[in-house]
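Visitor: One structure is given below, represented as structure tokens, and several questions about it will come after.
The values are calculated or read from the model by the stated rules, or taken from the named source; none is laboratory data. Fair warning: this is a prediction, and the values are worked out from it, not measured in the lab. When we count neighbours, we look across all protein chains shown, and the Cβ atoms used for this are built from the backbone with ideal geometry, even at glycine. Calculation scope for accessible area: heavy atoms of the full protein, side chains included, ligands and nucleic acids excluded. Shrake-Rupley method; radii C 1.70, N 1.55, O 1.52, S 1.80 Å.
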Amino acid sequence: MADGLRERKKQETRIALSWAAVRLTVEHGLANVRIEDIAAEAGVSLRTFRNYFSSKAEAIAAREVDRSLRIAEELRARPADEPLWTAIRMSAESQFALGVEGHGGEQPPDERWLAGIRLMMTEPSLQGEMARAHAAASEEYAAAIADRTGTQGLYPRLVAEVVGAARTAASAEWLRADPPRPIAEILREVLDLISAGLPEPGHN
């Protein structure tokens, strides 16, 4: 029980640091945020920050890494007789429905927050960390899909890449949508299109 409590506390600290990094970067810009600021915002020491992350960008990207792990865990936990794409959809939606702190996934994002996220995502250092996060996510998805389907090789990896592409497309649409749209709504639309075989619009 002590080990479980310790791990939960570590995860809470990791989440707090990542949210602090996102909040401060959205409000002030990545170049204007120091790791000391992030640690202070999260209520921990600079040493604690360095125990978890090597950079501001890694702290920000941790949100994607953690969400991917939770989606994979949820996928493994779904009923065994549930169709694969239904299980994938339910797993992904369960993690995107909450959205981000103060910006629920079922509600359109605040425009100032969205503008800050757009600017944040232009940072080269963050783009590199996000690419690493997406690669790690693909590995997690592939392993979960392999476990669920009892398959190896191409199939689980292909499905994992499709899931990753769905998340990427949904996030990109969320960033550019005018007027803003809820991320959960966009993700459902993306997964519906994939489940239907990506029919060409206007051709039934």
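Visitor: So for the chain, Kirkwood radius off the Cα pairs, Stokes-Einstein at 10 °C and 1.306 mPa s: how many µm² s⁻¹?
Guide: 87
Visitor: Next question, about the same structure. Using +1 on the beta carbon of Lys and Arg, -1 on that of Asp and Glu, and nothing else charged, what's the dipole of the stretch 18-92 about the Cα centre, debye to 20?
Guide: It comes to approximately 120 debye.
Visitor: If you wrap a convex hull around the alpha carbons of the stretch 5-80, what volume per residue comes out, as a whole number of Å³?
Guide: Per-residue hull volume (Cα only) is 92 Å³.
Visitor: Let me ask something else. What translational diffusion coefficient, to the nearest whole µm²/s, does the stretch 139-195 have by Stokes-Einstein, given a Kirkwood radius computed over alpha-carbon pairs, a temperature of 37 °C and 0.692 mPa s viscosity?
Guide: 269
Visitor: Given a Förster distance of 25 angstrom, what is the FRET efficiency for GLU106 paired with LEU69, based on the Cβ-Cβ distance and rounded to 0.05?
Guide: It comes out at approximately 0.65.
Visitor: 222 nm [θ] for the chain, helices only, -39500 (n - 2.57) per DSSP H run of 4+, per residue, to 500?
Guide: -24500 deg cm²/dmol
Visitor: Let me ask another. Using a 1.4 angstrom probe on heavy atoms only, work out the carbon and sulfur share of the accessible area of the chain in %.
Guide: Its accessible area is 55 percent carbon and sulfur atoms.
Visitor: Compute the projected area of the convex hull of the Cα atoms of the stretch 68-170, averaged over all viewing directions, and report it in nm² to one decimal place.
Guide: Across all orientations, the stretch 68-170 yields a mean hull projection of 7.0 nm².
Visitor: Okay, next question. Need one number: nm distance between label points at LEU198 and ALA77, each 7 Å from Cα along Cα→Cβ, rounded to one decimal.
Guide: 3.1
Visitor: Checking understanding here: applying a Kyte-Doolittle mean of at least -1.0 and a length along the axis of at least 30 Å (C-alpha), which whole DSSP H helices in the chain pass?
Guide: Flagged H segments are 2-28, 56-77, 124-149, 154-176.
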